[in-house]
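> Input: one structure, supplied below.
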Amino acid sequence: MGPEPAVIELGVATSALHGRSGDRAVVARHGDRTLVAAIDGLGHGEAAAEAADAAASILERDGGSLDGLLRRCHEALRGTRGAVMTLAEFAAAPSQVTWVGVGNVEGRLVPTGADTVRADPRGHGGAAPTLFGGVVGHNLPRVRPSSHPLHAGDVVVMATDGVRANFADGVSALGEPQALADRILADAGRGDDDALVVVVRWLG
Ligand SMILES: [Mn+2]
């Protein structure tokens, strides 16, 4: 018997400014851990989509530490436009999310039972991954992933900069992840860039 897999429910909402989106969501299971990533290829259009595809193929295939994954993406994205991304790895024993970002793909934890959570991670309310300045494929910063305990029903939201930074305001952990993702995109989508909202509910 292998270890218990991390169990999540997922919702993804996306919109493209022109043609193919340069924003990409990835979900990959590696052993007892489930990796969820939100990727924003720089700019938009085909060149952004190619950069996002290169990162997605690494993340779908490879396991290992988050900083190791970022390094492999960095190598794979050399010669592309580059991408920013946030990676969140869900594990069941103990129940936690380990996460980190390069660039400005924001993440928030909306605790189960919380009515709403403020978007500012430095304020009261939801935890957030640390985002390190840089661009995967061009300048990769030294990153330090952080971990946060999860309780069944907690929701993690990730959104690219095609979504306003206050996207988590008023979001509750109730409701289906796909409905939450659709509503956040409808309410907070900027309309001037590719946009991606990824919602994960932790089931334990
Ligand atoms: Mn963008």
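None of the figures in this text is laboratory data; all of them are computed from the coordinates on show. What you are looking at is a predicted structure, and each value in this text was computed from that prediction instead of being measured. With ideal geometry, Cβ positions are generated from the backbone for all residues, glycine too; neighbour counts draw on all protein chains shown.
> Starting from the Cα of ARG142, move 7 Å in the Cα-to-Cβ direction to define the label point; list residues of the range 88-115 whose amide nitrogen is under 18 Å from there.
Zone members listed by number: 100-103.
> Could you compute the net charge surrounding GLU9? Neighbours are other residues with a C-beta less than 10 Å from the C-beta of GLU9; K and R count +1, D and E count -1.
Details: positive: ARG201; negative: GLU176.
It works out to a net charge of 0.
> If you take the beta carbon distance between SER65 and GLU9 as r and set R0 to 25 Å, what does 1/(1 + (r/R0)^6) give as a FRET efficiency, to the nearest 0.05?
0.50
> Separation of the range 1-59 and the range 124-160 by C-alpha centroid, Å?
15 Å
> Sticking with this one: Name the residue farthest towards the positive end of the dipole of the range 8-202 from the options VAL136, PHE167, ALA83, assuming +1 on Cβ of Lys and Arg, -1 on Cβ of Asp and Glu, about the Cα centre.
Positive-end residue among those listed: VAL136.
> I'd like to compare 59-69, 26-36: which one has the highest average count of other Cβ atoms within 10 Å, and what's the full order after that?
Going from most to least packed, we get 26-36, 59-69.
> Please work out the FRET efficiency for the pair HIS151 and HIS18, using the Cβ-Cβ distance as r and a Förster radius of 35 Å; give the result to the nearest 0.05.
0.30
> Cβ neighbours within 10 Å, averaged per peptide: list 189-200, 160-171, 81-92 in order, most packed at the top.
81-92, 189-200, 160-171
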